[in-house]
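The values are calculated or read from the model by the stated rules, or taken from the named source; none is laboratory data. The model shown is predicted, which means the values in this text are computed figures rather than measured ones. Positions of Cβ are backbone-derived with ideal geometry, glycine not excepted, and every protein chain shown enters the neighbour counts.
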Amino acid sequence: MIKREISRRDFLKLCLVATATMGLPVSFVEKVAAAVKSKNRPPVIWLHFQECTGCSEALLRATNPDLATLILDLISLDYHETLMAAAGNQAEEALKKAMEENKGRYICVVEGSIPTRDNGIYCKIAGKKAIDILQEVAHQAAAIIAIGNCASFGGVQSAPPNPTGAKGVMDLIKDKPIVNIPGCPPNPYNFLATVLHVLTFKKIPALDKYKRPKFAYGRTIHEHCERRPHFDAGRFAEQFGDEGHRQGWCLYKLGCKGPVTFANCCTNRFNDIDVWPIGTGAPCAGCTEKGVAFFMALREKVDVHEVTPPSTYAPISTKKGKVTTGGIAAVSAAAGAAVGAAAVAAAKLPDKGEGDGKEGR
């Protein structure tokens, strides 16, 4: 077995990033670290169907942990068409062996949608239809992680007219625990944190109605967007390249889907790079949502619960009030009363060095 060395600094950074992504307090870092150091690595079988391999490509560029740490230390990646050296018959034998040796224990990761029209003939691997491979591998899996919008909700292939009858995993598999990590591509840390959650707590994380981990998809992008103050102040870019766009104003009128998109893009940046679509001037496309990305026009505006700031926010502009003689008298009286009360309280305090030596009682 190949032994790898990782500095304590990098190891703790890995655990800290995963703990923060899961929304856990710092006190859980040690528990996550203990799970990472465990030799009981979960076996993973990774399937590819109708997709662009963008989800795997994003994972290749993860740095905390990097891909080598992920494969060699955190999980046992037993089958992955893009990353494995084997091909053809050897690859098929590797898949069969991984299923037999880890029956009922392995995690099945699915990347890409599954065609169902015309009996699923539009995607085949080694002469087998994608839908048959999915059902065979899922049958013996402990759980399934659907990574990317395609595997989660059907992706761009499922947009009308959906010629292949593309569907997401949860539309086809009903008897297994399923976790969706949507995005196009999704943030690798959301996938890594999900795996570490299973390692640490021996169960899948809490999910929302679309089977997404609440720690990553519990709030809308609009809630934490760096341009939110401009939205609340009514400052919007009207078209690309105008003064508002150059000033970094809100992109809602340009079709931003942030108000209806649940994701942590604005709080957990992509692969340690401090840029993200909205930060670079591109509206959110809603790629983590079912029925938004690929189903709505890019410039189409979504409904917002409160278009104007709520009453709890300070008003954008206020009229200057007038100061009256009566108002000054009232303020002076209140101030005088406050000063008088303070003087009385101060008179009751012992001078420094006096008293019974038990100050602070």
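For this structure, a couple of remarks:
- Comparison of Gly155, Gly148 shows that the only residue that is at pLDDT 95 or above and farther than 20 Å from Ile107 by Cα is Gly155.
Every residue, every condition in (1) of a type in the set (Val, Ile, Thr); (2) buried (at least 23 other Cβ atoms within 10 Å of the Cβ); (3) without any contact (Cβ under 8 Å) to a residue 12 or more places away in the chain; (4) farther than 30 Å from Tyr122 by Cα, yes or no:
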site	(1), (2), (3), (4)
Thr164	yes, no, no, no
Leu172	no, no, no, no
Arg212	no, yes, no, no
Arg219	no, no, no, yes
Arg235	no, no, no, yes
Asp242	no, no, yes, yes
Arg246	no, no, yes, yes
Val260	yes, no, no, yes
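- The single residue among Lys202, Lys209 that is at pLDDT below 95 and out of contact with any helix residue (DSSP H, G or I) (no Cβ under 8 Å at 6 or more places or on another chain) turns out to be Lys202.
- Check on Ala86, touching a helix residue (DSSP H, G or I) at 6+ places or on another chain (Cβ under 6 Å), surrounded by fewer than 16 Cβ atoms within 10 Å (Cβ to Cβ) and modelled with pLDDT of 90 or more: no
Residue-wise test of (1) surrounded by fewer than 20 Cβ atoms within 10 Å (Cβ to Cβ); (2) of a type in the set (D, E, K, R); (3) under 24 Å from the mean Cα position of the chain (by Cα).
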residue	(1), (2), (3)
Asp78	yes, yes, no
Gly104	yes, no, no
Ile147	no, no, yes
Pro161	yes, no, no
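- Asp118 being farther than 17 Å from Thr53 by Cβ, in the same structural domain as Ile45 (by TED's automatic domain parsing) and outside any helix (DSSP H, G or I): no
- Within region 180-189, the presence of at least one residue that is touching a helix residue (DSSP H, G or I) at 6+ places or on another chain (Cβ under 7 Å), in a helix (DSSP H, G or I) and aromatic (Phe, Trp, Tyr) is confirmed.
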